[in-house]
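Data first, discussion second: the structure below is written as structure tokens.
The values are calculated or read from the model by the stated rules, or taken from the named source; none is laboratory data. Keep in mind the model is a prediction, meaning the values are calculated, not measured. With ideal geometry, Cβ positions are generated from the backbone for all residues, glycine too; neighbour counts draw on all protein chains shown.
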Amino acid sequence: MNEQFSDDIIVNILSFLPHKEVARMRVVCKRWHALTSEHHFLCTSFSRNTTGHSIAGFFLSDHLYSKFSYVPLGQSIAGNSSHQTTVPDLSFIPTTPAVDRDQIYVTASCNGLLVCGRPNTSVVYKSTWYVCNPLTKKFIEIAVPEGITHFLYLAYDPSKSQHYKIMALGNYDIHVYSSQTRSWRVALHFDESEYPLRGLHCYHSVFWNGSLVWVVQNHLVRYVVDEDEHQAVQMMPMPQTPEGWMCAYVGESGGHLQMVGFTEDERLAGVMDVLEMQEGSSEWSTLYRVDLRRVVELYPSIRRTEREYPYIGLRYGFGRGRMIERLALWPMHVVRGSGERGRGGMMLFSIPGKIMCYHTDSRKFSIVYGKPVAPEPGTYQFHWYHFSPYSPSLFAV
């Protein structure tokens, strides 16, 4: 019966299946494996499987890069237990005598691909790097050049190309790895005085509209990923905001760029705005106004009094630096809902020892990840630095 249908009919039918089911269909016969590996099929399947919510779960790596956790969000997003909540298995990534199989961390994710590393215990600050697809269990090892940071950024758009790129920062350079050439190149070099990423808010970035976007000194900076031309790092337009407004997060969902920010008073109250920029636009609009004051009431311990400059206090004595009030609550990811107004959206945020989900329509929240014991005051709290959203993709590395 397989021979009775044309390739186009088979591709059209299979493209409606969930990605995990398509992965199973690949082993039926050589013909189906070949058809589901073509870029045309990957593009069609990708577009049909990313309607609505585009996150199946997220990876969390701890601050020592010694292990990771995966948290499925099927029930939290879909509201029913039948939604796919399979935990990705990374045990197929190889190990060596110098690398512990239980030690792995995910540093980047993009449309179903992951960049992950295993620390090499025989070499200080040295890791073995891989790009992998948990769904297809395909991987390749990446040799990282000397002198770059241990943060790698992934750029992959299956609707435009079957190839991906990896970006790395180091020594005032931007290094780019291409899966097409399997090699690195120095895409941009800056003088120390002209380095545009000085004051990087954190090493978190997002791939959107063909660019990597970072928060740098309360502004957004983008690097256009283009293998054929050397593109400059560009400042992005910012919205009109009140004095003292802080940009706390940048991310992508539903094809749009989202930014979360607040004033100091709003931050202390647990109120924040989610702004959005659509592809092809340079204007920001308000997507959600998030009010988490109820969370602050239920978890009063997240309100902290801390020294403004803790490192100065440690170096010169605890008499230096004024004491200020802070709220240990931070945005980690925005999941855009459907339609122009993003109905049915949600936001993930962290408080010490927990990650919570806030539904923008019902304004209800729930704990999606929580440690049995809250961390001690002063320990690492903002897990969004090491937060990697994930959705399965059929692309084979």
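Consider the range 330-367 and keep the residues that are modelled with pLDDT under 90 and in a loop (DSSP other than H, G, I, E, B). The one that is surrounded by the fewest Cβ atoms within 10 Å (Cβ to Cβ) is GLU340.
Within the range 232-248, identify whether any single residue is hydroxyl-bearing (Ser, Thr, Tyr), out of contact with any helix residue (DSSP H, G or I) (no Cβ under 9 Å at 6 or more places or on another chain) and surrounded by 17 or more Cβ atoms within 10 Å (Cβ to Cβ), and answer yes or no. No, the range 232-248 contains no residue that is hydroxyl-bearing (Ser, Thr, Tyr), out of contact with any helix residue (DSSP H, G or I) (no Cβ under 9 Å at 6 or more places or on another chain) and surrounded by 17 or more Cβ atoms within 10 Å (Cβ to Cβ). Between TYR299, TYR311, the distinction of being at pLDDT 90 or above and out of contact with any Phe, Trp or Tyr (no Cβ under 9 Å at 6 or more places or on another chain) belongs to TYR299 only.
Considered as a group, the residues in the range 177-210 that are touching a Lys or Arg at 6+ places or on another chain (Cβ under 9 Å) and surrounded by 21 or more Cβ atoms within 10 Å (Cβ to Cβ) include one that is farthest from GLN278 (Cα to Cα), and that residue is TYR177.
Kindly establish whether LEU287 is within 23 Å of the chain's Cα centre (by Cα), crowded, with 20+ Cβ neighbours inside 10 Å and within 30 Å of ARG185 (Cβ to Cβ). Taking the combined requirement at face value, the residue does not satisfy it.
Could you tell me which of the residues ASP226, ASP265 is charged (D, E, K, R) and over 22 Å from ALA155 (Cβ atoms)?
Values: ASP226 fails: over 22 Å from ALA155 (Cβ atoms).
That would be ASP265, the only listed residue that is charged (D, E, K, R) and over 22 Å from ALA155 (Cβ atoms).
Is it the case that some residue within the range 165-184 is within 26 Å of SER281 (Cα to Cα), of a type outside the set (A, V, I, L, M), assigned by TED's automatic domain parsing to the domain that holds TRP284 and assigned to a strand (DSSP E or B)? Yes - at least one qualifying residue is present in the range 165-184. Restricting the first member to the range 246-275 and to residues that are closer than 18 Å to ARG304 by Cβ, and the second to residues that are of a type in the set (Gly, Ala, Ser) and outside any strand (DSSP E or B), the beta-carbon pairs closer than 6 Å and six or more apart or on different chains are GLU264/GLY244. Cβ-Cβ contacts under 7 Å between residues 6 or more apart (or on different chains), taken from a first residue in the range 332-346 that is in the same structural domain as GLY251 (by TED's automatic domain parsing) and over 13 Å from LEU275 (Cα atoms) to a second residue that is among the aliphatic types (A, V, I, L, M) and not in a strand (DSSP E or B), are listed as MET346/ILE77. Of all the residues in the range 146-184, those that are of a type in the set (D, E, K, R) and over 19 Å from the mean Cα position of the chain (by Cα) number 4.
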